[in-house]
Amino acid sequence: MTQPLKAKIAYDDVEVGTELPPRTFPVDRAALVRYAGASGDFNPIHWNERFAKEVGLPDVIAHGMFTMAEAIRAVTDWTGDPGALVEYRVRFTRPVVVPDDDRGAVIEVGGTVAAKLDDNTVRVDLLVTSAGQKVLGMARAVVRLA
Amino acid sequence: MALDQSFVGRTYPPTAPYEVGREKIREFAEAVGDDNPAYTDPEAAKALGHPDVIAPPTFVFAITFKAAGQVVEDPQLGLDYSRVVHGDQRFAYVRPVRAGDRLAVTSTIEAIKSVAGKEILDIRGEVHDEAGEHVVTAWTKLVARAAEEG
């Protein structure tokens, strides 16, 4: 990597335990339709309540990849440069249920610096919940700081 | 029926290149509600050292998952896709995907496991640009529930 990095956060300014600003991301049915179109994932469990219930889900659920996309914003907005991301992984443990009402659901994201690594990189562990329950497990990012 | 272990290590031919467009990146960024200017404003991206607008970190999944279709739909493997859920997802980035990239994906079956009646399939997608440079690797774990009896 030879490109200059202009991350807002300096490696020397963080320590293990440093918390990222907590974030909340709303998600409603319209957001899921928009995401289906943009991502090409038209699985009806993400927009068709009748189908979702037929396959045993409580209601329409968000795309796991939508939740993954929201969660990393806690990190990319913290560093400023999304290109500073080195690694990102999640486990889809529980669906984000999105009811057909005026509110939809909310994805809440917290992040903590869990380790300081080589080359000015840190590992951030993410806690991602919706309706008070963890929806992603092992959600971790490695990001290069300034 | 358990998936054939002999498929572990099988690599499928690289996909035809996917050309990453600025407006597709913009559409994706808007769909996830992310207003980081590096995704839409070439000048903002250049100020960060990127030659053109970059894509949000999970954008490339649309490309690697389509490529994984070669595996998922391989009749010889015989995966019942109607029972499949996405278990885990991981990306390791050499550099961000950016507008103008022409990306080819090479998919490999990394592991096949049977755990408690579930079939677990790990697929690795190596993404290279037109110059053959490695851009990102995506690992996708798919879990197929056991077929019900009767």
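Quick look at the values:
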| item | result |
| --- | --- |
| Percent RCO, i.e. relative contact order, over chain B, from Cα pairs under 8 Å lying at least 6 residues apart | 29 percent |
| In nm, spacing of pseudo-spin labels at B:Ala146 and A:Ala115 (7 Å Cα→C-beta vector) | 3.5 nm |
| Virtual spin-label span in nm between B:Tyr81 and B:Arg10, 7 Å along Cα→Cβ | 1.5 nm |
| Theoretical FRET efficiency, 1/(1+(r/R0)^6), r = Cβ-Cβ of A:Thr24 and A:Phe51, R0 45 Å, to 0.05 | 0.95 |
| Heavy-atom accessible surface of the protein assembly as shown: percent carbon and sulfur, 1.4 Å | 50 percent |
| Choice from A:Ala52, A:Ala105, A:Ala62 with maximal GNM fluctuation in chain A (Cα, 10 Å cutoff) | A:Ala52 |
| Total lysine pairs whose alpha carbons fall under 17 Å of each other in the protein assembly as shown (8 or more apart, or interchain) | 7 |
| GNM top mover of B:Tyr39, B:Tyr18, B:Tyr81 - chain B, alpha-carbon springs below 10 Å | B:Tyr81 |
| At q = 0.10 Å⁻¹, base-10 log of I(q)/I(0) for the protein assembly as shown (Debye sum, equal scatterers on each alpha carbon) | -0.55 |
| Å² per residue, accessible surface of the stretch B:29-131 at 1.4 Å | 40 Å² |
| Approximate spin-label separation B:Ala2-B:Asp41, in nm, with each point projected 7 Å along Cα-to-Cβ | 5.7 nm |
| Where the stretch A:99-146 is the region considered: accessible area per residue in Å², 1.4 Å probe | 48 Å² |
| Other protein chain Cβ atoms within 10 Å, averaged over every residue that makes up A:36-43 | 4 |
| Selected from A:Val86, A:Val96, A:Val60 as most flexible by GNM, with chain A as the system and alpha-carbon contacts under 10 Å | A:Val86 |
| Length-normalised contact order of chain A in % [C-alpha pairs under 8 Å, at least 6 apart] | 32 percent |
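The values are calculated or read from the model by the stated rules, or taken from the named source; none is laboratory data. It should be emphasised that the depicted structure is a prediction, and the values quoted were computed from it without experimental measurement. Glycine gets a Cβ as well: all are built from the backbone with ideal geometry, and neighbour counts include every protein chain shown. These area figures cover heavy atoms from the full protein model, side chains too; ligands, DNA and RNA do not enter into them. Shrake-Rupley method; radii C 1.70, N 1.55, O 1.52, S 1.80 Å.
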